[in-house]
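Asker: The structure under discussion is supplied below as structure tokens; questions concerning it will follow.
The values are calculated or read from the model by the stated rules, or taken from the named source; none is laboratory data. Fair warning: this is a prediction, and the values are worked out from it, not measured in the lab. All Cβ positions, even for glycine, are placed from backbone atoms using ideal geometry, and neighbour counts span all protein chains on display. Just so you know, the surface numbers come from the protein's heavy atoms only, side chains and all, with ligands and any DNA or RNA stripped out. Shrake-Rupley method; radii C 1.70, N 1.55, O 1.52, S 1.80 Å.
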Amino acid sequence: MTESPASPVAVLRKDALPRTPNMPDYGAARRRFDWRDARAALEGFVGGGLNIAAEALDRHVAAGHGGRLAVRFVDRQWRRHDLSYEALWHGANRCARILSSLGLGRGDRVFSLLGRCPELHMVTLGALKAGLTFCPLFTAFGPEPLHTRLSLGRARVLVTTKALYTRKVAPLRAGLPHLEHVLLVSAAPAGLPEGTLDFSALWAAADTSFETVRTAAEEAALLHFTSGTTGQPKGVLHVHEAVVAQHASARLALDLQAGDRYWCTADPGWVTGLIYGVLAPLLCGVSSVVDCEEFEPERWYRLLDEERVTVWYTAPTAVRMLMKAGTDLAHARHYPELRFLASVGEPLNPEAVVWGMEAFGLPFHDNWWQTETGTIMIANYAATDIKPGSMGLPLPGIDAAIVRRLPDGGVELIADADTPGELALRAGWPSMFRAYLDQEARYRACFAGDWYLSGDLARRDADGYYWFVGRGDDVIKSAGHLISPFEVESALLAHPAVAQAGVIGVPDPIAREVVKAFVELKPGHAGDEALRRELLAHARRRLGAAVAPREIAFVASLPRTRSGKIMRRVLRARELGLPEGDLSTLEGKA
Ligand code: ATP
Ligand code: MG
């Protein structure tokens with residue numbers, strides 16, 4: 001790949017651990033691991049079958065843990081709304097009854113368009129209990145992306161609020177023939193728009209008992225749309241069997257343990273927010289906190305402090321925004337019980353990993369997965385050493401490899417360490433997606449022989465750690481080098497003036513492509529010629545002339561998806577004056 005060192009930061013050794021993790025010895029756990037044992041750790045139905053909601057709720061209530069706090073919602077005024085496991089179970093049962101009473105059949109699709117609120121959790125679990133397929137939508141979507149997803153997903157039911165319905169969905173309704181029922185949360189009955197039902201009234205009248213449908217493990221459970229970072233979002237279908245990996249990965253990669261107070265900052269409109277925000281903590285029987293508000297550094301520190309969060313799962317953009325706000329702000333609060341920090345969604349630059357030590361006395365643990373993989377596949381674990389900038393090691397039960405695609409449609413494994421290629425996973429883990437909605441050929445094209453091909457480029461070092469190189473589409477080819485945008489961005493982020501960086505290749509007649517960087521500065525720095533030169537020199541020192549950016553442009557903000565990922569394809573399109581493509585998930589669009 002590049003001639004630059006893999007990581008400028010020394011390995012972070014795990015000598016003293018705050019407490020014994022679920023997986024104290026990665027090597028031993030990996031050797032011993034068997035998905036059948038992971039499945040046996042769950043209840044399942046007598047005679048076979050599996051249901052995610054039964055494992056998330058019924059199992060704990062039956063075991064006498066109904067009184068335990070399941071979720072605490074914290075609103076703008078810092079009012080706390082608590083749901084015990086039993087209260088959530090009752091609420092989900094009511095939803096399951098309402099949905100069943102609408103005459104839906106197995107596999108019919110229920111969509112939600114809700115902010116972070118108790119109803120979202122109840123509807124998710126209620127739909128799963130009723131044997132329906134659930135699909136969450138993000139509330140900031142405008143009418144067009146909503147229409148695309150609702151019609152692609154052939155939604156039969158939508159649960160939303162009156163305000164969101166009136167503003168965004170009502171004008172589309174005529175074009176959504178499959179959408180039979182719209183249920184509105186907390187709508188005043190007098191003002192119920194035509195063609196909608198009062199969810200809250202139905203909910204209050206519904207019985208709190210419901211016998212969970214005995215779904216087969218291979219029955220559809222969840223539909224998620226990808227982030228749309230590289231193009232039009234794809235509808236990804238998961239089955240109930242995924243629960244085995246949801247539970248195992250939350251225990252092994254996030255180290256969720258009894259008594260934890262867990263905070264996942266992702267919105268449930270995205271796969272991370274639903275799998276690890278709503279479902280996984282329930283599967284592990286822990287309590288979680290949900291912030292109903294948007295990102296704000298002081299608020300986040302207050303929440304970590306006052307809610308005594310123990311395990312925190314967030315994203316690189318958020319970490320970089322906290323770094324931008326200054327470490328002093330972090331030090332104004334105390335986090336004596338915080339013991340594990342994790343991050344996902346984008347590459348986490350080494351400085352961000354290490355900044356965790358400065359701010360909280362704990363490093364961030366990067367992990368990698370995709371909507372398609374359904375759960376965390378590669379991670380840094382509580383007991384394994386961290387090489388900052390690396391995604392870590394494959395989850396026990398997951399075989400990863402670096403491969404090269406062959407012209408005949410097969411793949412060749414790349415055994416040599418540090419040689420980049422496509423990141424592949426041996427097919428067959430429980431949360432592997434089972435389809436791209438209406439795109440059978442595209443689904444099949446993701447597999448070659450035994451392997452699922454992720455479309456991401458990575459390399460593996462001699463110790464088995466995986467390093468993200470870039471998305472297939474984002475990698476830059478310059479003068480015979482394969483340049484990782486992540487590596488260039490990381491080098492820029494190591495400079496004290498840089499808050500965020502996005503790097504692309506722009507066409508060059510001689511080198512084929514040259515590296516151009518777009519940089520967002522931290523407060524107090526002016527994007528002038530002197531700083532531009534300084535950054536160019538800084539990057540050249542760290543990366544070498546062949547890899548360092550040839551050009552740097554200062555921008556007020558980078559184009560990002562609503563889930564916080566830098567959209568390099570938009571930077572490229574803008575740079576080249578090309579159409580920007582599908583922008584439905586671009587931040588700031590509604
Ligand atoms: P689309 O497929 O629509 O372009 P997307 O790939 O961003 O969108 P997701 O499934 O939400 O949709 O994201 C998965 C991708 O995010 C991965 O394929 C990878 O490119 C990136 N990613 C996730 N976690 C990490 C990580 N820890 N390090 C580097 N990249 C990551
Ligand atoms: Mg993708």
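Asker: Being closer than 22 Å to ALA325 by Cα and away from ligand 2 (no atom under 16 Å from the Cβ) narrows it down to one of TYR381, TYR335, so name that one.
Answerer: After applying the criteria, what remains is TYR335.
Asker: Do we find a residue being under 18 Å from the mean Cα position of the chain (by Cα) and in contact (Cβ under 8 Å) with a residue 24 or more places away in the chain anywhere in region 395-410?
Answerer: Checking region 395-410: at least one residue is under 18 Å from the mean Cα position of the chain (by Cα) and in contact (Cβ under 8 Å) with a residue 24 or more places away in the chain.
Asker: Something else now. Given the conditions (1) out of contact with any Ser or Thr (no Cβ under 8 Å at 6 or more places or on another chain); (2) part of a loop (DSSP other than H, G, I, E, B); (3) surrounded by 14 or more Cβ atoms within 10 Å (Cβ to Cβ), and given that VAL547 satisfies all but one, which numbered condition is not satisfied?
Answerer: Status for VAL547: all satisfied but (1).
Asker: Looking at (1) under 20 Å from TRP368 (Cβ atoms); (2) away from ligand 2 (no atom under 16 Å from the Cβ); (3) free of Cβ contacts under 8 Å to residues at least 24 places away in the same chain, can you tell me which one ALA526 breaks?
Answerer: Only one criterion is unmet by ALA526, namely (1).
Asker: Same structure again: Find the residue count for region 25-62, including only residues that are of a type outside the set (D, E, K, R) and either under 25 Å from the mean Cα position of the chain (by Cα) or within 14 Å of SER249 (Cα to Cα) (or both).
Answerer: So the count comes out to 14.
Asker: Would you kindly identify the strands (runs of 3 or more DSSP E) lying entirely within region 1-119 that contain at least 3 residues that are in contact (Cβ under 8 Å) with a residue 60 or more places away in the chain and of a type in the set (A, V, I, L, M, F, W, C)?
Answerer: 69-74
Asker: For region 456-467, which residues satisfy the criterion of being within 11 Å of ligand 1 (Cβ to nearest atom) and open to solvent by less than 30 Å² (accessible area, probe 1.4 Å)?
Answerer: ASP456, ALA458, TYR466, TRP467
Asker: While we're looking at this one, here's another question. Filtering region 288-314 down to residues that are open to solvent by 10 Å² or more (accessible area, probe 1.4 Å), in a loop (DSSP other than H, G, I, E, B) and in contact with a helix residue (DSSP H, G or I) (Cβ under 8 Å, 6 or more places away or on another chain), which residue is nearest to PHE364 (Cα to Cα)?
Answerer: By that ranking, first place goes to PHE295.
Asker: A further question on this structure: Pairs under 9 Å by beta carbon, first residue under 15 Å from ARG154 (Cβ atoms) in region 429-440, partner aromatic (Phe, Trp, Tyr), six or more apart or different chains?
Answerer: ALA435/TYR443; TYR436/TYR443; LEU437/PHE225
Asker: Please determine whether any residue of region 471-487 is modelled with pLDDT under 95, within 13 Å of ligand 1 (Cβ to nearest atom) and more than 25 Å from ILE398 (Cβ to Cβ).
Answerer: yes
Asker: Considering (1) in a loop (DSSP other than H, G, I, E, B); (2) more than 13 Å from ligand 1 (Cβ to nearest atom), say which one ALA441 fails and leave the rest.
Answerer: Of everything listed in (1) in a loop (DSSP other than H, G, I, E, B); (2) more than 13 Å from ligand 1 (Cβ to nearest atom), ALA441 misses just condition (1).
Asker: Taking the stated definitions as given, is PHE134 open to solvent by less than 20 Å² (accessible area, probe 1.4 Å), in contact with a strand residue (DSSP E or B) (Cβ under 9 Å, 6 or more places away or on another chain) and of a type in the set (Phe, Trp, Tyr)?
Answerer: yes
Asker: What tally of residues in region 338-365 results from selecting those that are at positive phi and within 16 Å of ligand 2 (Cβ to nearest atom)?
Answerer: Adding up the residues that qualify gives 1.
Asker: Continuing with the same structure: Among the residues of region 563-580, what is the count of those that are open to solvent by 20 Å² or more (accessible area, probe 1.4 Å), within 11 Å of ligand 1 (Cβ to nearest atom) and outside any helix (DSSP H, G or I)?
Answerer: Final tally of qualifying residues: 2.
Asker: Of the residues that make up region 475-482, is at least one aliphatic (A, V, I, L, M) and under 24 Å from LYS234 (Cα atoms)?
Answerer: Yes, region 475-482 has at least one match.
Asker: A further question on this structure: Just give me the residues in region 452-479 being within 12 Å of ligand 2 (Cβ to nearest atom) and among the basic types (Lys, Arg), in sequence order.
Answerer: Within region 452-479, just ARG471 meets the criteria.
Asker: Somewhere in region 568-587, is a residue among the charged types (D, E, K, R), modelled with pLDDT of 90 or more and within 16 Å of ligand 2 (Cβ to nearest atom)?
Answerer: Yes - at least one qualifying residue is present in region 568-587.
Asker: Residue check, ALA417 against (1) more than 27 Å from PRO24 (Cα to Cα); (2) more than 16 Å from ligand 1 (Cβ to nearest atom); (3) of a type in the set (A, V, I, L, M), all met but one. Which one?
Answerer: Here ALA417 clears every test but (1).
Asker: Moving to a separate point now. When region 342-357 is examined, which residues are found to be more than 8 Å from ligand 1 (Cβ to nearest atom) and either of a type outside the set (S, T, N, Q) or part of a helix (DSSP H, G or I) (or both)?
Answerer: ALA342, PRO350, GLU351, ALA352, VAL353, VAL354, TRP355, GLY356, MET357
Asker: Additional query: With the checklist (1) within 16 Å of ligand 1 (Cβ to nearest atom); (2) closer than 22 Å to LEU558 by Cα; (3) not small (Gly, Ala, Ser) in hand, flag the one item VAL236 doesn't pass.
Answerer: With (1) within 16 Å of ligand 1 (Cβ to nearest atom); (2) closer than 22 Å to LEU558 by Cα; (3) not small (Gly, Ala, Ser) applied to VAL236, the lone miss is (2).
Asker: Can I ask one more? Name every residue in region 137-149 that is assigned to a helix (DSSP H, G or I), surrounded by fewer than 24 Cβ atoms within 10 Å (Cβ to Cβ) and either on the phi > 0 side of the Ramachandran plot or not basic (Lys, Arg) (or both), in order of residue number.
Answerer: PRO143, GLU144, HIS147, THR148
Asker: Any chance region 415-434 includes a residue that's more than 21 Å from GLU241 (Cα to Cα), exposed (fewer than 13 other Cβ atoms within 10 Å of the Cβ) and hydrophobic (A, V, I, L, M, F, W, C)?
Answerer: Yes, that holds for at least one residue.
Asker: State yes or no: is GLY470 in contact (Cβ under 8 Å) with a residue 40 or more places away in the chain, within 22 Å of the chain's Cα centre (by Cα) and within 29 Å of ALA556 (Cα to Cα)?
Answerer: no
Asker: Under 7 Å by Cβ, and 6 or more places apart or on different chains, what pairs join a residue from region 340-363 that is free of Cβ contacts under 8 Å to residues at least 60 places away in the same chain with one that is in a loop (DSSP other than H, G, I, E, B) and within 16 Å of ligand 2 (Cβ to nearest atom)?
Answerer: What qualifies is SER343/ALA315.
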